[in-house]
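Enquirer: Here you go, one structure.
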Amino acid sequence: MPTTNAPPEALTLDRLATPIGTALLVADEQGVLRAFNWTDYEPAMMAWIARHYPKAKLAEGRAPAAVRGPFEAYFQGDSRALEAVRWQASGTTFQLKVWEALCSIPAGETLSYAGLAERIGRPSAVRAVGLANGANPVAVVVPCHRVIGTNGSLTGYGGGLPRKRWLLGHEGASFKDRLAA
């Protein structure tokens, strides 16, 4: 669920070990998730934070329980745990519309890029939807991994296709896996 907080003054960077690598959780002083990524994409995430929250002081520490707890539960098997995480993303009006629509895809289900474009009332904006999907700064909570090709196959994911495959399998979603064939 997005929130409408003012720009944060302080951000906490937490590192969480998961079955698919160490996750980076960035939360503000109100316990709102502001960014998520994997350690192999840390430099890009830090550049994004500096661009979008230039006045915020970033310190390493433990994310608030309202952020960290649902992530721990999710990676331990509760595929719906992340629905409770409050998030705030910095993006364009179009991107925010796409990200909010992503949250309407339940765990265990997938949607094509064309289906997502239709869901936001812009059926001809498939490429723009794909770009907005790829720019999602709070991945997994805003489940961009649940978007697949029209033919049911896995398509790009900022965290890498092996992670996307794991996330969808973890949630019990059906998809065509070209590597398994």
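Enquirer: If you stretched the chain out fully between Gln30 and Arg15, how much longer would it get, using 0.36 nm times the residue separation minus the C-alpha to C-alpha distance?
Expert: Answer, rounded to one decimal: 3.6 nm.
Enquirer: Please work out the Cα center distance from segment 53-96 to segment 7-52, rounded to the nearest Å.
Expert: 8 Å
Enquirer: Taking one equal scatterer on every alpha-carbon of segment 17-111, how large is log10 of I(q)/I(0) by Debye at q = 0.12, 0.14, 0.23 1/Å?
Expert: Log10 I(q)/I(0), no solvent term: -0.42, -0.58, -1.48.
Enquirer: Calculate, in whole percent, how much of the Cα-Cα pair population of segment 86-143 lies beyond 14 Å.
Expert: Counting every Cα pair in segment 86-143, those more than 14 Å apart make up 47 percent.
Enquirer: Taking the Cα centre of the chain as origin, work out the dipole magnitude from +1 charges on Lys and Arg Cβ and -1 charges on Asp and Glu Cβ, in debye rounded to 20.
Expert: 420 debye
Enquirer: Using square roots of five times the C-alpha gyration tensor eigenvalues, list the equivalent-ellipsoid semi-axes of segment 99-181 in whole Å, biggest first.
Expert: Listed largest to smallest, the semi-axes of segment 99-181 are 19, 14, 12 Å.
Enquirer: By average Cβ neighbour count within 10 Å, what is the ranking of 13-19, 86-92 from highest down?
Expert: 86-92, 13-19
Enquirer: With each label point set 7 Å from Cα along the Cα-Cβ vector, what nm distance links His52 and Gln76?
Expert: 2.8 nm
Enquirer: Could you work out which residue, out of Phe75, Phe36, Phe94, moves most in a Gaussian network model of the chain, that is, has the largest mean-square fluctuation with Cα springs under 10 Å?
Expert: Between Phe75, Phe36, Phe94, it is Phe94 that shows the largest mean-square fluctuation.
Enquirer: Now for a separate question. Rounded to the nearest 10 degrees, what's the angle between the helix 42-52 long axis and the longest principal axis of the chain, both from Cα atoms, 0 to 90?
Expert: 70 degrees
Rule-based calculations on the coordinates, nothing more; no lab input. None of the values given here were measured: they were computed from a predicted structure. With ideal geometry, Cβ positions are generated from the backbone for all residues, glycine too; neighbour counts draw on all protein chains shown.
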